[in-house]
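The next block holds one structure in the form of structure tokens; read it before the comments.
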Amino acid sequence: MKTYITSDLHFEHANIKKFCPESRARFGNVAEMTDQMIQEWNDIVTPEDTVYILGDVAFCQAQLAVAIMQQLNGSKILIEGNHDIKILRDPSFRKCFKEIHQYLRLNYAGQLIIMCHYPFAEWDQMHRGSINFHGHLHGNVSGMEKYRSRDMGMDATGKIVVLMEDAIADALTGEIKSHH
């Protein structure tokens, strides 16, 4: 069993190719984007794995989002994003996730990780070496990357999912942000 992290998948979002042309150019159209993303996900994630999704799963009707989520391997834990609010009203979409949070404080293999869809200028225990994983920026650098804060969005990492240990190792190369 492995653990992965990702964000800002934006399944079925027609305009995401326009908003993120570098990372989404390889997809001819929205249907192709969805199909390829599902294939890439399932080539990496097994049914026994866990994936933390830091928001903005899909930009479509809940029924279509459910159909997409049901095709994806693994147990999924959602940290709500701004584009998830509407479809999370649908109970069938909510059932696609093992857990749903707005903010998550996680101890993973002894490392404190603070997860939210949005980046933080400061986060819990940052001055003691904790990590902030977020999405929302689509790779538009916030300046916090010099610290232990990382945009885990697909458009930022270039990957559908990132192995949690790899994400942590990358974040640990950042400076510890002082509190004062």
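Please treat every number below as a calculation from the coordinates, not as lab data. Just so you know, these numbers come straight off a predicted model, no measurement behind them. Every residue, glycine as well, gets a Cβ built from its backbone with ideal geometry; the counts of neighbours run over all protein chains shown.
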What FRET efficiency would be calculated for the residue pair Asn107, Ala25, taking the C-beta separation as r and a Förster radius of 25 Å, to the nearest 0.05? 0.05
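Pulled fully out, how much extra length does the chain show between Lys2 and Ser178, if you take 0.36 nm times their separation in residues and subtract their Cα-Cα distance?
On the way: separation 176, 0.36 × 176 = 63.36 nm, distance 3.19 nm.
My answer for the length gained is 60.2 nm.
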Pairs Lys2/Lys146; Lys2/Lys159; Lys86/Lys146: which are spaced more than 25 Å apart, C-alpha to C-alpha? Lys2/Lys146; Lys86/Lys146
Please report Rg (one decimal) and Dmax (integer) in Å for the Cα set of region 1-81. 12.3, 36
For region 37-147: relative contact order, % (alpha-carbon pairs under 8 angstrom, 6 or more apart): 22 percent
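Could you tell me what % of all Cα pairs in region 3-171 have separations over 22 Å?
Numbers: 5424 of 14196 pairs.
In whole percent, the share of Cα-Cα pairs in region 3-171 beyond 22 Å is 38.
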Where trypsin sites (Lys or Arg not before Pro) fall in DSSP loop in region 45-92, at most 14 other Cβ within 10 Å: Lys86
Expected output is a single nm value to one decimal: the length gained when fully extending between Asn15 and Ser92, i.e. 0.36 nm times separation in residues minus the C-alpha distance. What is it? 25.2 nm
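Sorted by mean Cβ packing within 10 Å, highest first, what order do the peptides 55-61, 161-167, 149-155 take?
Details: 55-61: 22.0, 161-167: 19.7, 149-155: 25.3.
The peptides rank, most packed first, as 149-155, 55-61, 161-167.
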Dividing the alpha-carbon radius of gyration of region 80-123 by 2.2 N^0.38 Å (N being the number of residues), what value is obtained? 1.37
Long-range HN-HN contacts of Glu80 with modeled amide H, under 5 Å: His101, Gln102
Between the modelled labels at Ala121 and Ala67 (7 Å from Cα along Cα→Cβ) the distance in nm is 4.4 nm
Between region 58-77 and region 123-180, how many Å separate their Cα centres? 25 Å
